[in-house]
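Encoded as structure tokens, the structure appears first; notes follow it.
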Amino acid sequence: MYNVAVSVGLGLYFESDDYEEITADTLIPKGTDYAVRVTGDSMEPMFYDEDVLFIREQQTIENGEIGIFNLNGEAYVKRLEGKKLVSLNPEYKPISLHEYDDLRVMGKVLGRHRM
């Protein structure tokens, strides 16, 4: 699990070699490559502040899926909807994606563990 939180609201920088290994058990979905901790409330009611998300590392994601995205050097947990990254909490506006943006998919969210 990376010792850097991933923002569900405003983006946080996510490049780190600071991680700890965690023991896999029945709570961790099959196919999980790594885990990150959430900070913020923009993905409520599905994900809450301090939840641990289990991620399958992949470079693409389907429309409508929730993933970890690096947008211009900042990491987000969002749902991909066309050319927007969308929060589940309606208090947050979608983030429009433009041709000049540097967007990388870091992985797909497979599940979570509530802390």
inquiry  = Could you sort the peptides 27-39, 56-68 by per-residue average Cβ neighbour count (10 Å cutoff), highest mean leading?
reply    = 27-39, 56-68
Likely footprinting exposure, His113, His98, fewest C-beta neighbours within 10 Å first = His98, His113
key: Environment charge of Gly31, counting only residues whose C-beta is closer than 13 Å and scoring Lys/Arg +1, Asp/Glu -1   = +1
query = Cβ under 9 Å from Tyr48's Cβ, Tyr48 left aside: what net charge do those residues give with Lys, Arg +1 and Asp, Glu -1?
reply = -3
query = Mind listing P(r) for segment 52-115? All alpha-carbon pairs, 10 Å bins, whole percents.
reply = 22, 55, 22, 1
ask   = Taking the Cβ of Asn72 as the center, what net charge do the other residues with Cβ under 11 Å away carry, scoring Lys and Arg +1 and Asp and Glu -1?
value = -2
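No lab work stands behind these numbers, since they all come straight from the coordinates. All values reported here derive from a predicted model rather than from experimental measurement. In this analysis, Cβ positions are derived from the backbone assuming ideal geometry, glycine residues included, and neighbour counts consider all displayed protein chains.
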